[in-house]
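The values are calculated or read from the model by the stated rules, or taken from the named source; none is laboratory data. Here the structure is a predicted model, which means the values were calculated and not measured. Quick reminder, even Gly has a Cβ in these numbers, built from the backbone with ideal geometry, and neighbours come from all protein chains shown. The area values use the complete protein model at the heavy-atom level, side chains included, leaving out ligands, DNA and RNA. Shrake-Rupley method; radii C 1.70, N 1.55, O 1.52, S 1.80 Å.
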Amino acid sequence: GESVGLHLPTLSVQEGDNSIINCAYSNSASDYFIWYKQESGKGPQFIIDIRSNMDKRQGQRVTVLLNKTVKHLSLQIAATQPGDSAVYFCAEKSGFQKLVFGTGTRLLVSP
Amino acid sequence: DAGVIQSPRHEVTEMGQEVTLRCKPISGHDYLFWYRQTMMRGLELLIYFNNNVPIDDSGMPEDRFSAKMPNASFSTLKIQPSEPRDSAVYFCASDGTGVSGNTIYFGEGSWLTVV
């Protein structure tokens with residue numbers, strides 16, 4: 001029979017636009033969150049992280065927002081470039097050193 | 001640093017054969033993780049070690065899978081005997097709480113196909 005894989009949500013944007021990728025997490029005890037970028041054929045690459053005592057953290061062209069009230073995490077990418085095309089994973093950690101990954105969002109950037 | 005190094009990058013093997021995947025973590029990192037990624041299940045944590053000691057192997061699918069970490073710079077994930085449903089990308093990752101502050105770094109993966 002035909003296999004059914006994970007259906008990754010896809011966000012399609014134009015080059016130069018800002019992108020917002022969202023993630024809902026499940027464990028209210030999670031105290032550390034990471035965004036990873038995975039390009040085709042490569043391993044997940046760390047982008048930015050945030051601890052639960054913060055609600056916003058900025059990096060180079062990226063911003064992570066954390067809303068603990070609704071258990072929501074978002075990654076904002078400014079001036080999106082074709083090289084940003086990838087699958088983006090949020091990951092949460094509760095307890096010690098055991099990350100739990102979300103299913104991922106595919107970002108497609110059109111020139 | 002060279003990052004997490006995995007080998008082989010690609011392997012095609014016949015059902016029933018033994019498969020050994022290897023990993024060299026980032027020097028100084030005291031945590032090592034093995035993940036599996038498939039289209040069906042996404043990224044799954046199989047097992048992780050702290051200071052070479054297995055801490056949580058609850059993600060290991062069955063007895064055909066085993067992992068060892070004989071020293072701080074080397075780990076193996078073995079599948080014996082392999083089955084077609086084991087086809088996946090296997091990632092090794094490492095972390096050093098005193099070095100990188102809880103950030104887990106991944107290798108490039110070992111792409112396994114069992115036919």
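Structural remarks
- One residue from B:44, B:14 being over 19 Å from residue B:107 (Cβ atoms), touching a residue at least 12 places away in the same chain (Cβ under 8 Å) and out of contact with any Leu (no Cβ under 6 Å at 6 or more places or on another chain): B:14
- Residues of region A:92-111 that turn out to be within 14 Å of another protein chain (Cβ to nearest Cβ) and either crowded, with 16+ Cβ neighbours inside 10 Å or farther than 20 Å from residue A:19 by Cα (or both), as a count: 13
- Pair list, Cβ under 6 Å, 6 or more apart: region A:37-55 residue under 11 Å from residue A:86 (Cβ atoms), other residue assigned to a strand (DSSP E or B) and open to solvent by 70 Å² or more (accessible area, probe 1.4 Å): A:37/A:45
- Residue satisfying condition, being open to solvent by 10 Å² or more (accessible area, probe 1.4 Å) and aromatic (Phe, Trp, Tyr), within set B:65, B:91: B:65
- Counting only strands (runs of 3 or more DSSP E) that sit wholly inside region A:1-91, those with at least 1 residues that are open to solvent by less than 90 Å² (accessible area, probe 1.4 Å) and more than 14 Å from chain B (Cβ to nearest Cβ) are A:10-14, A:19-24, A:62-67, A:72-77.
- Residue B:15 being among the aliphatic types (A, V, I, L, M) and at pLDDT below 95: no
- The set of residues from region B:20-41 being closer than 15 Å to residue B:66 by Cβ, buried (at least 20 other Cβ atoms within 10 Å of the Cβ) and either without any contact (Cβ under 8 Å) to a residue 24 or more places away in the chain or away from chain A (no Cβ under 12 Å) (or both) comprises B:21, B:34.
- Residues in region B:1-12 that are of a type outside the set (Ser, Thr, Tyr) and either modelled with pLDDT of 95 or more or open to solvent by 30 Å² or more (accessible area, probe 1.4 Å) (or both): B:1, B:2, B:4, B:5, B:6, B:8, B:9, B:10, B:11, B:12.
- Residue in region B:23-40 that is of a type in the set (A, V, I, L, M), in contact with a strand residue (DSSP E or B) (Cβ under 6 Å, 6 or more places away or on another chain) and within 23 Å of residue A:40 (Cβ to Cβ) present: no
- Applying the condition of being among the acidic types (Asp, Glu) and over 15 Å from residue A:43 (Cβ atoms) to region B:42-65 and asking which residue is farthest from the other protein chains (Cβ to nearest Cβ) yields B:63.
- Filtered by the rule that a residue be farther than 21 Å from residue A:36 by Cβ and open to solvent by less than 90 Å² (accessible area, probe 1.4 Å), region B:42-54 gives B:50, B:52, B:53, B:54.
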